Structures are given as structure tokens and as C-alpha cells.
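Q: Below is one structure. I have some questions about it.
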Amino acid sequence: MIVEAYQQCINPTCGLKYSVSESRIHCERGHMLDVRYKGSFPKYLQDVFYGRRNYGGNIYNESGVWRFRELINFSQIDTENQAQCAKVLVSLDGAEGRLSRPYKMTKVAEFVGLKPDNLFLQPEGYNPSGSFKDNGMATALTHAKMLGVKKIICASTGNTSASAAMYASNEGISCDVFIPKGEVAPGKLGQAFQFGAQVIEINGNFDDALATSINEAKKSGAYTVNSINPFRLEGQKTMVYRVLEHLKWEPPDWIVYPGGALGNTSSAGKCLIELHEWSWIKKVPKIAVVNSEGANTLYNLYNGKYQNVKLRWNNGMVDTEVIEDYYQYMDKNQIRPKTEATAIQIGKPTNLLKALRTLEFTKGIVTQVSDKEMYDGMSIVGLNGFDCELASGSVPAGIKKLREEEIIAKDDVVVGILTGRQKDPNVPVKYHLDPSNKFANPPKAHN
Ligand code: F0G
């Protein structure tokens with residue numbers, strides 16, 4: 001199946017279109033871009049995707065990303081032609097998304113106040129580099145390869161750099177990663193070194209690192225693989241496809257993500273808008289975004305905590321002045337994002353506008369949790385035999401809060417995305433050595 005793909009500006013009053021063979025992160029008026037497809041897709045593809053789980057020797061069927069290749073076919077290949085897939089699609093031998101799907105976790109369900117059958121958590125830490133980023137890196141690198149790119153570049157709190165470095169090394173492409181010095185989990189930093197990326201340390205936070213890396217990309221022509229890149233977000237849609245497939249395409253009431261740069265929030269919204277447009281789903285799950293209290297730009301702006309204005313997508317007519325004011329206020333008052341969940345220590349989320357579009361379309365909400373709540377969330381996931389990092393612990397913590405506030409109702413079906421696996425063993429060790437923590441499991445001396 002081949003359909004026409006193009007890039008289009010997200011601003012409805014602008015709507016400029018570009019070919020998929022152009023490498024750009026904004027339209028010429030400075031707005032963000034989407035990857036779009038002409039026409040709609042037949043529902044029988046659901047059976048094709050399901051059938052591919054019996055993948056035989058085909059890594060493009062084995063991959064939890066490329067299994068859904070018709071819906072992310074910006075390279076416009078014949079999706080049933082294995083030789084074309086092998087030539088064009090970038091995959092780590094079918095490993096991305098292969099093991100990630102929703103799981104029931106009874107102890108977490110009890111913790112958050114939902115029935116055991118109503119809560120699902122999807123561990124994206126089961127990806128080859130250990131986070132959800134591999135879903136999008138497979139597609140971003142596919143686009144980079146289409147364009148004949150020699151070097152990719154990104155800023156990162158750690159997982160993006162690990163994933164970018166892993167995919168780049170596998171494709172023989174060089175990779176520069178800009179990281180906030182001293183603020184990246186050692187396991188993530190080790191991955192970037194190990195996969196041969198050039199690490200460039202910034203004296204500043206993620207927001208500074210991103211601005212620097214985008215500037216460098218402009219100067220050097222390197223290809224940006226941060227979530228500002230619309231081709232990356234195409235791959236991240238497959239997380240939602242896997243959720244829906246597991247639920248037999250009966251949408252849950254809620255899908256819950258941690259909020260950092262808001263790439264996930266944005267890709268989920270785009271995915272649901274498309275599925276709704278093609279009549280694959282009638283009900284639209286609400287997206288809940290969980291910010292850390294220490295890095296809560298979306299929470300503040302969406303909930304009217306700044307200048308009493310509730311920032312909205314408003315059919316694309318976003319009040320961007322409020323955003324600029326807020327960023328100036330942060331800079332002037334030296335308000336820097338600060339949370340132990342360094343993965344989501346982000347003050348200026350790149351995808352803010354696309355996230356607002358998601359929240360409007362899905363009637364979503366934004367909440368925030370403390371570091372302590374994230375620690376408990378991470379630890380109860382552990383007691384179900386699953387592993388996640390602190391930022392992902394925001395998901396059970398956020399669901400619990402929204403249940404207590406009755407925003408999530410007791411019979412609602414909720415799917416939470418556990419975005420990454422633990423890459424800093426000192427985080428759980430510190431938690432469990434302090435017996436005052438809710439789920440602490442301290443060691444005993446032998447006597
Ligand atoms: N969870 C984890 C484990 C992450 O690594 C990130 C982002 C997020 C959540 C936030 O996701 O940006 O889509 O809202 N990590 C980026 C990085 C910033 O550089 O690895 P988002």
C-alpha cells in the first residue's frame with residue numbers, strides 16, 4: 001500500500017506544505033510541522049497488523065513500530081515488498097516496540113484506586129535502548145537515511161541521546177549529543193559513550209542544550225532527531241497503536257504520559273485525530289499529562305496558574321504572548337526546572353503547541369506530582385515485577401492523584417505509559433535504604 005505523504009504546518013491559518021524530502025523543523029513562518037498522508041486508511045489493516053505478530057523471519061513484522069508501517073509510511077514504499085522495507089526502513093533487527101504492550105499490574109491498581117482489570121501499564125523500557133525513544137528514532141533515522149544524512153544531532157536528558165547513538169551507530173551515521181552537564185543518569189551517559197556518539201556537555205539545562213544543538217544543526221547541516229522533528233513523532237504513534245490493538249481497538253477512557261518536552265503527548269493526539277478521522281475509533285481517550293512539580297510549565301499555563309490565563313489550542317490561535325511572557329518571567333527570576341526526575345527536567349517544552357492541540361481534541365487534563373510521589377509510583381511498579389525510572393513513576397503517581405480527585409472515575413479504564421527503564425541504580429537504592437519511605441525494602445544484617 002502506497003499513499004502520498006507530505007509535511008504541513010500545524011497552524012490552520014498558515015498550512016504551508018512541504019515535500020517529505022525536505023529537512024526542516026519549522027515552516028518558513030516559524031510554525032511547527034506535521035507529517036501528513038492523503039486520504040484515509042481501511043480498517044482491515046487492523047487484521048494485517050495482528051497477523052504480522054506471527055512474524056516468521058520478517059523483522060519489519062517483528063518490530064512493534066514497523067508492524068504498523070502503512071500508517072507511518074512517509075517514505076512511500078510498497079509496504080508488502082520486503083526488499084523495499086529492507087532498503088528503506090531503519091530497525092534494530094525488529095527490536096523496537098517488540099515487547100511493549102499494556103500489562104495488568106494488580107498492586108499498582110490497588111495503589112492508585114482502580115480495579116485490577118481497569119488499569120494497564122505499558123513498559124516502553126522494554127525497547128532496545130531502554131526507553132520509548134526507540135519508537136521515534138526508528139522513523140527519524142529512516143527519514144535521515146532517505147535524505148542521505150551523514151550526521152545526526154540532538155539535545156538530551158539522556159534517553160534521546162542513548163537511542164540516537166544506538167541507531168546511528170547501527171546505520172554508520174555519526175552522532176553529536178548535547179547534554180546538561182551533571183544532570184544525566186549515569187546509565188544513559190554510559191550508553192552514549194558506548195555507542196560512539198560525541199558527547200558535548202553544556203553548562204546549563206536541557207532547554208539551553210536544545211537551543212545550542214538546534215543552532216549547531218543550522219550551522220553544520222546535521223539532522224536534528226529531537227521531538228521537534230515531525231518524523232520522530234510518527235514512530236511514537238505506534239505506542240498508541242499497540243495500546244489499542246491490545247484492547248481490540250476499544251479505546252480506554254484515559255492514556256497517561258509523563259510530560260517533558262511533550263513529544264509523546266503531541267504524537268498521541270495526532271494519532272487519535274487521524275484514527276478518528278478514518279473512523280477507526282469513535283470514542284476518543286482523554287490524554288492526561290503528568291508534570292513534575294519542579295518542571296511544570298504545561299501545568300501552570302494550561303491550568304491558568306500564570307496571569308490567570310488558561311492557555312488553549314483555540315483552533316490554532318494560541319495566545320503565544322502568554323508563553324513568551326512566562327518564559328521571560330522564568331528567565332528574569334532565575335526559575336530553573338528542578339526535579340530528581342532528570343528525564344523530565346524541562347522548562348520550555350518544545351512541543352507545547354502540539355500538546356495543546358492534543359489536550360483540546362481529547363478533552364485532556366494536566367496534573368503535577370512531587371518527587372516523593374514519583375518515587376512511590378516507581379517503587380510500586382517494582383513490586384509488580386516491572387522496572388521503570390523515576391520520571392515514569394509520575395504515571396502511577398498522577399493516576400492516583402486524579403483518582404483521589406475523582407477526575408478519573410472508579411470504573412474508568414486507564415492506560416499509563418511507563419516511558420523508560422531504570423538507568424540509575426542509585427535511585428531505587430537510596431529509596432529502599434530509607435525505612436520511612438512507603439514501599440522501602442531495606443536490607444537486614446545477618447547475626
Ligand atoms: N520519560 C522519560 C523516561 C524520558 O526520557 C522523557 C524525555 C520523558 C518521559 C518525557 O517525554 O518529552 O515526550 O514529554 N526525555 C528526553 C530525553 C527529553 O532527552 O531523553 P516527552
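The values are calculated or read from the model by the stated rules, or taken from the named source; none is laboratory data. All figures in this text were calculated on a predicted structure; none of them were measured in a lab. Heads up, the Cβs are rebuilt from the backbone with ideal geometry, glycines too, and the neighbour counts pull from every protein chain shown.
Q: Helices (runs of 4 or more DSSP H) wholly in segment 352-447 with at least 1 residues that are within 26 Å of S100 (Cβ to Cβ), out of contact with any strand residue (DSSP E or B) (no Cβ under 9 Å at 6 or more places or on another chain) and acidic (D, E) - which ones? Steps first, answer last, please.
A: Details: elements: 352-362, 371-382, 394-404, 426-433.
The qualifying helices (runs of 4 or more DSSP H) are 371-382.
Q: Still on this structure, I have one more. Filter segment 236-261 for residues that are within 12 Å of the ligand (Cβ to nearest atom), not in a loop (DSSP other than H, G, I, E, B) and not hydroxyl-bearing (S, T, Y) and give the result. Talk me through it step by step, then tell me what you get.
A: Initially, segment 236-261 is screened for residues within 12 Å of the ligand (Cβ to nearest atom), giving 236, 239, 256-261.
Still in the list and also not in a loop (DSSP other than H, G, I, E, B): 236, 239, 256-258.
Across segment 236-261, the qualifying residues are Q236, M239, V256, P258.
Q: Another question, then. Output the number of residues of segment 109-137 satisfying the condition of being in contact with a Lys or Arg (Cβ under 9 Å, 6 or more places away or on another chain) and part of a helix (DSSP H, G or I).
A: Going through segment 109-137 one residue at a time, the tally reaches 10.
Q: Output yes when any residue across segment 148-160 is β-branched (V, I, T), within 13 Å of the ligand (Cβ to nearest atom) and either outside any helix (DSSP H, G or I) or surrounded by fewer than 24 Cβ atoms within 10 Å (Cβ to Cβ) (or both), and no when none is. Talk me through it step by step, then tell me what you get.
A: Quick first cut of segment 148-160, residues β-branched (V, I, T) only: 149, 152-153, 157, 160.
Filter again for within 13 Å of the ligand (Cβ to nearest atom), leaving 153, 157, 160.
After this cut, where a residue has to be either outside any helix (DSSP H, G or I) or surrounded by fewer than 24 Cβ atoms within 10 Å (Cβ to Cβ) (or both) as well, the list is 153, 157.
Yes, because at least one residue in segment 148-160 is β-branched (V, I, T), within 13 Å of the ligand (Cβ to nearest atom) and either outside any helix (DSSP H, G or I) or surrounded by fewer than 24 Cβ atoms within 10 Å (Cβ to Cβ) (or both).
Q: Looking at segment 333-353, can you tell me whether even one residue there is surrounded by fewer than 19 Cβ atoms within 10 Å (Cβ to Cβ), under 28 Å from A155 (Cβ atoms) and without any contact (Cβ under 8 Å) to a residue 12 or more places away in the chain? Can you show your working first?
A: Within segment 333-353, the subset surrounded by fewer than 19 Cβ atoms within 10 Å (Cβ to Cβ) is 333-336, 338, 340.
Imposing the further condition that a residue be under 28 Å from A155 (Cβ atoms) reduces the set to 333-336, 338, 340.
Next cut, without any contact (Cβ under 8 Å) to a residue 12 or more places away in the chain only: 333-334.
Yes, segment 333-353 has at least one match.
Q: Residue by residue through segment 161-177, note down the ones that are among the β-branched types (V, I, T) and either under 19 Å from A261 (Cβ atoms) or within 16 Å of the ligand (Cβ to nearest atom) (or both).
A: Applying the first criterion (among the β-branched types (V, I, T)) to segment 161-177 yields 173, 177.
Result: V177, single match.
Q: How about segment 262-332: which helices (runs of 4 or more DSSP H) wholly inside it have at least 2 residues that are touching a residue at least 40 places away in the same chain (Cβ under 8 Å)?
A: Numbers: elements: 263-277, 297-302, 320-332.
Those helices (runs of 4 or more DSSP H) span 263-277, 297-302.
Q: Hey, any hits in segment 278-287 for a residue that's over 11 Å from the mean Cα position of the chain (by Cα), modelled with pLDDT of 95 or more, within 13 Å of the ligand (Cβ to nearest atom) and of a type in the set (A, V, I, L, M, F, W, C)?
A: Quick first cut of segment 278-287, residues over 11 Å from the mean Cα position of the chain (by Cα) only: 278-287.
Pick out the ones that are also modelled with pLDDT of 95 or more and you get 278-287.
From what is left, the residues that are within 13 Å of the ligand (Cβ to nearest atom) are 287.
Filter again for of a type in the set (A, V, I, L, M, F, W, C), leaving 287.
So far as segment 278-287 goes, yes, one or more of its residues are over 11 Å from the mean Cα position of the chain (by Cα), modelled with pLDDT of 95 or more, within 13 Å of the ligand (Cβ to nearest atom) and of a type in the set (A, V, I, L, M, F, W, C).
Q: Answer yes or no as to whether V184 is in a loop (DSSP other than H, G, I, E, B) and near the ligand (Cβ under 10 Å from one of its atoms).
A: On the way: in a loop (DSSP other than H, G, I, E, B): yes; near the ligand (Cβ under 10 Å from one of its atoms): yes.
It is true that V184 is in a loop (DSSP other than H, G, I, E, B) and near the ligand (Cβ under 10 Å from one of its atoms).
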